[in-house]
Amino acid sequence: MAVIVALGAFLMTLLGGWTAQRVTDRRHLVLGLAGGLMLGVVGLDLLPEALHAAGDEVFGVPLALLLFVAGFLVAHVVERLLAVRQAAHGAENGARVPEVGLTAAAAMVGHSLADGVALGAAFQVGGGMGVAVALAVITHDFADGFNTYTLTSLYGNDRRKALMMLFADAVAPVVGAASTLLFTLPEEPLGAYLGFFGGLLLYLAAAEILPEAHHKHPALSTLMCTVGGVAGIWLVVGIAE
């Protein structure tokens, strides 16, 4: 049942990527929406789940929050190192680094894989839990597909690479759900991963996606897309609960 439901997530992810691809003439609106979706996923979905699952504290701070900050810093350090490396080879200052986009998309694929594992584990607990998790996974996989395609293409990667990462992101929840037929991922490592991934996503949304969205088109419509993205994730989380 989990694998069958994951096929719905596969289709929803592809739909999200297709939507991002089709509205390139409104790129600032796409980026504004993507930033809002990412902010909503981090603050309203990933962090609460991470805090619940990885409950241990280190020097008085929840492990999930420490890893959240670590994810933010790692994303910043990696981007700066790649930018310095590219500048050393004669690239224009401030140019986008394609490897950053591919790395971010790969992290989205890893997140979708974890979604599939969580889906399979939920059905192992019981049908009611499985249905609740399935609703959350399928609905927010639209945002995952949307963000995966947007992140890959934003950093200068060609359409072929963006589609390749989108397809990998779509397949990931199916693979994750199928893997639970062989093993079950403990709750604590999953919570730690979600905290780290949340920090990475927040950096990309706050430092890259949203500034780019408003750079050439500081319009109210772009801002409303961002707010709408956050509100949409809030609605999804509320329905899933």
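The numbers here are math on the coordinates, done by the rules we state, and not lab data. Quick caveat: nothing in here was measured; it's all calculated off a predicted structure. Here the Cβ positions follow ideal geometry from the backbone for every residue, glycine too, while neighbour counts run over all protein chains shown.
Please list, by residue number, everything in the stretch 10-41 whose backbone N is under 17 Å from a paramagnetic label point 7 Å out along Cα→Cβ of Leu220. It comes to 29, nothing else. Which FRET efficiency value, to the nearest 0.05, is calculated for Leu7 and Ala106 with the Förster distance at 25 angstrom and r the Cβ-Cβ distance? Efficiency at R0 = 25 Å is approximately 0.65.
Taking Cβ atoms as reference points and 11 Å as the exclusive limit, the residues near Ala64 contribute a net charge of -4, counting Lys and Arg as +1 and Asp and Glu as -1. Peptide packing for 144-156, 39-51 was compared via the average number of neighbouring C-beta atoms within 10 Å per residue; ordered from the highest value, the list is 144-156, 39-51. Taken over the alpha carbons of the stretch 1-78 as equal point scatterers, the Debye sum produces base-10 log I(q)/I(0) values at 0.13, 0.21 Å⁻¹ of -0.65, -1.04.
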